[in-house]
Ligand code: ADP
């Protein structure tokens, strides 16, 4: 019988468990929960094997310390195991679980799982007083225990590769699943194109078409079938065949159809991959292959995004739990507008289930209405992108001549954005002009009309097909640019680029009094791996670069298992520390040096002290990430030499300057999706400007969850021109979390 437990009001004891389907990033969340709890003075337990472990107790509920979550950030799955527990669905099971918790003195629980797991947590929490009363009646606990533990506080963290949870923009695991899907579809597309074959790719998502829809956007697939929006005609098969046949006729070499596992027709009948295969084989008269991606989507190393999302959610879950009052309703930690927020758990669960129910009841409009607005926009955009050819131009329609160029260093996602811009523009009936080699090409008159198929395959390509450079026009370039604009009658301009692209556009704006040709609407779309552009919290390319950094650092870390070694990794970013900080957070670096703060001698001395102390106490690997411009005096080589000298006999040091591998490679799904979304809005904005006779010069950006256009006249006010970065950098506030994750309280 439990008689004595520790005073719950003095030291908080909390537990964490993972439940339901596993998702990459769960480990990052566990690590964050454990380390945050330790930092805030709480005792933290892991419950192994989901709710089963809660019922089984004993060795399934174990105290965790700092090192027990070391080295797990980069691992897929969940190190504490997960399960679907039938016993937890029974009252008897939950009574045992309650007994085990009070036996350990635990009165707060963090559940990392899908909506099912969170429902279970809520049932448990609402029954808690009754469960304790039953335990008291059964003589299993004393009255003192029931008064000590009058309630159980619950905090949920949603982990689900399906991204099917209402209220949060992203759930842990969804971004990684999209990585797996894009890798697979990119690979399939190349073989499909070689043989002119059609492929049906089946992806996960029983009640949520997120992976299928955004997978299709990211890979440039040609058709998609999702649960929320079945084809709105009875003869969907004919429509699909007709469209794909038209695509072939227009010269498309591959046909990729993405099918969500929960896709169905208007009558609610599931559409299987073999159904689609048969329909297409008969309709197209060609070989159709099926690839069912299955559990590959769930597995593997979590993406940079998922690691950071999970870390921030886990951190916030602990803070929420430790400050919870007994009367507080349970919350789930989610992400909205790029910020971590607390949401009412039950309301979100109910709305999540309402979508499932709406789909089951064939209320598809309702199901769609409950999805995030970005889901609708994506679906709308996809309908345009999958067309074989644009809609015919309406009679009497004014056709604007819209130029598209890339400027600045190459950023993965530039091609995706250009493709979306060209196709959206053409589909709206306008003439799209591709300008080669940035503003230099514009000065030289390198302008070409783009047609629908000229951008085929660009969705997944890194680099810049149009060509880009960092040339900022001045002097006679400006005359040449004005002449090109006039000669080609360019009536609006989309600049997909980085800092030098923005400065070039700002220059044209300022030169308007001298060059009337510059009086056209212009919009800048942020594309830079540095994420240093004003007006947007994120620029395309940065997520890919971050994943490149994470991939490289994971390998570097693995190379050092047998030695006591510290790595100093130098990353790009110019004068913006975004990649360094987010890369550090995603790889578990113990020290991150940012250009915003610089490096002092005292910092380096402290590093040497901490590294020496750490290695002498059993640590095997050290990781310091520095931005390339963090300090002129204390270069990467200097830092390494200093650490090496001071750490002699205790640890050795290696440097890794990651260089241009960060800029290369195909864009990540996140970058492709953002690029497509922004490009569409930019083209619509330019068309709107022309229709209204306006000539605004603006930059588009993601801010506070909204996509806004900022007036480029404010460029100098929004930017720190000396350091070439925005004045306001939202991500700097994440420094504290990065510090907590890497520094046990005693150091
Ligand atoms: P997910 O969390 O991934 O949605 P499930 O729906 O399978 O996965 O739920 C995981 C576990 O949560 C279940 O096996 C069960 O133990 C628990 N659970 C789900 N719903 C309830 C419920 N209504 N009451 C008690 N436990 C539940």
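A compact table of results
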read-out	value
Förster radius 51 Å - calculated FRET efficiency between residue 600 and residue 329, Cβ distance, rounded to 0.05	0.65
Crossing angle, helix 542-558 versus the chain [Cα axis fit, 0-90 degrees, rounded to tens]	50 degrees
Simple spin-label estimate for residue 708 and residue 246 in nanometres, 7 Å along Cα-Cβ	3.9 nm
Residues in segment 677-700 that a label on residue 338 would reach, taking backbone N under 13 Å of a point 7 Å out along Cα→Cβ	700
Ranked packing of 287-299, 452-464, most packed first, by mean Cβ within 10 Å	452-464, 287-299
Stretchable slack from residue 444 to residue 721, in nm (0.36 nm times residue separation minus alpha-carbon distance)	96.9 nm
Extension gain, residue 514 back to residue 350 (0.36 nm per residue minus Cα-Cα distance, nm)	53.0 nm
Within the chain, helix-based [θ] at 222 nm, where runs of 4 or more DSSP H residues each add -39,500 (n - 2.57), nearest 500	-13000 deg cm²/dmol
Separation of the residue 635 and residue 692 label points, Cα + 7 Å toward Cβ, nm	5.2 nm
Residues in segment 184-205 that a label on residue 389 would reach, taking backbone N under 20 Å of a point 7 Å out along Cα→Cβ	none
Among 12-18, 334-340, the order from most to least packed when residues are scored by Cβ within 10 Å on average	12-18, 334-340
Rg/Rg_globular for segment 542-665, with Rg_globular taken as 2.2 N^0.38 Å and Rg from C-alpha atoms	0.99
Beta bridges by DSSP in the chain, antiparallel share as percent, to the nearest 5	25 percent
Order of 110, 119, 80 under a 10 Å beta carbon neighbour criterion, fewest first	119, 80, 110
Value of relative contact order over segment 150-225, rounded to a whole percent, pairs C-alpha under 8 Å and six or more apart	27 percent
Hull volume in cubic angstrom per residue (convex hull over the Cα atoms of segment 374-424)	113 Å³
Extension reserve of the residue 289-residue 684 stretch, reckoned as 0.36 nm per residue once the Cα distance is removed	138.5 nm
Expected-Rg normalisation [2.2 N^0.38 Å, Cα atoms] applied to segment 642-698	2.33
Of every Cα-Cα pair in segment 588-747, the percent that sits beyond 23 Å	58 percent
Rg followed by Dmax, in Å, when segment 1-126 is reduced to its Cα trace	13.8, 42
Residues in segment 412-454 reached by a label modelled at residue 398 [backbone nitrogen below 15 Å; 7 Å Cα→Cβ]	429-431
Separation in nanometres of the label points that stand 7 Å from Cα toward Cβ, at residue 232 and residue 206	2.9 nm
For 491, 228, 645, order by how many other beta-carbon atoms lie within 10 Å, fewest first	645, 491, 228
Rounded to 5, the percent of DSSP beta bridges in segment 174-297 classed as antiparallel	5 percent
Cα-based helix-to-principal-axis angle, 236-249 vs the chain, degrees rounded to 10	50 degrees
On Cα atoms only, tilt of 26-39 relative to the major axis of the chain in degrees	60 degrees
The chain, relative contact order [Cα under 8 Å, separation at least 6], %	12 percent
Relative contact order for segment 542-665, counting Cα pairs under 8 Å that sit 6 or more residues apart, in percent	41 percent
Packing-based order for 707-719, 306-318, 548-560, 658-670, using average beta carbon neighbours within 10 Å, highest first	306-318, 658-670, 548-560, 707-719
Rule-of-thumb Rg ratio for the chain [Cα; 2.2 N^0.38 Å; N residues]	1.02
Pairwise FRET efficiency - residue 130 versus residue 486, Cβ, R0 = 60 Å, nearest 0.05	0.15
R0 of 25 Å, Cβ-Cβ distance residue 451-residue 239: FRET efficiency to nearest 0.05	0.55
Projected-area average for segment 174-297 over all orientations - Cα convex hull basis, square nanometres	6.7 nm²
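Quick note: the coordinates plus some simple rules give every number you see, no bench work behind them. Bear in mind that the values here come from a model prediction, so they are computed numbers and not experimental data. We place every Cβ from the backbone using ideal geometry, glycine too, and count neighbours over all the protein chains shown.
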